[in-house]
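Below is one structure, written out as structure tokens; comments come after it.
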Amino acid sequence: QVDLVESGGGLVQSGGSLRLSCTASGRIFSTYVWGWYRQAPGRERELVATIRIEGSTNYADSVKGRFTISRDSRKDTHYLQMNSLKPEDTAVYYCYVHLYGNLAYWGQGTQVTVSS
């Protein structure tokens, strides 16, 4: 049983920044991947960033160079720092975790809106 609570979304002008946070609770001791994906109206769900237990990261081409994923083990929290935001980044952002045993959990979503 894992619960993910995320926050940090909001309205920002093009070129601005936001930091999303995702805090996990429950039986999370076997987590090995932390990440974020997003869903925008009229667009496919997109995996935007992941970080693995050894620290390696991956980013979607659409956010590479602008977004940074990180995690804080002490706080059971992972983050998505979003810089140079564009209107096309507007979406609901969901955090997720992968656990050993092929289990995955996701958060409730937070809206990010970037104005033109």
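The values are calculated or read from the model by the stated rules, or taken from the named source; none is laboratory data. Model, not experiment: these values are computed from the prediction. In this analysis, Cβ positions are derived from the backbone assuming ideal geometry, glycine residues included, and neighbour counts consider all displayed protein chains. With ligands, DNA and RNA removed, areas are computed over all heavy atoms of the protein, side chains included. Shrake-Rupley method; radii C 1.70, N 1.55, O 1.52, S 1.80 Å.
Among strands (runs of 3 or more DSSP E) lying entirely in region 14-116, which contain 1 or more residues that are among the hydrophobic types (A, V, I, L, M, F, W, C)? Spell out the reasoning first.
Working: elements: 18-26, 31-39, 46-52, 57-59, 67-72, 77-82, 91-99, 103-106, 110-115.
Because the criterion is at least 1 residues that are among the hydrophobic types (A, V, I, L, M, F, W, C), the strands (runs of 3 or more DSSP E) in region 14-116 that meet it are 18-26, 31-39, 46-52, 67-72, 77-82, 91-99, 103-106, 110-115.
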Can you tell me which residue among Gly35, Gly42, Gly26, Gly8 is of a type in the set (Gly, Ala, Ser) and under 15 Å from Glu88 (Cα atoms)? Gly42
When region 50-67 is examined, which residues are found to be among the aliphatic types (A, V, I, L, M) and touching a Ser or Thr at 6+ places or on another chain (Cβ under 7 Å)? Ile51
Expected single match for at negative phi and surrounded by 17 or more Cβ atoms within 10 Å (Cβ to Cβ) among Arg27, Arg38, Arg19 is Arg38
Checking Gln81 against (1) under 14 Å from Ile28 (Cα atoms); (2) in contact with a Ser or Thr (Cβ under 6 Å, 6 or more places away or on another chain), the condition it does not meet: (1)
Which of the following residues is open to solvent by 80 Å² or more (accessible area, probe 1.4 Å), more than 12 Å from the chain's Cα centre (by Cα) and at pLDDT below 95: Glu88, Glu44? Glu44
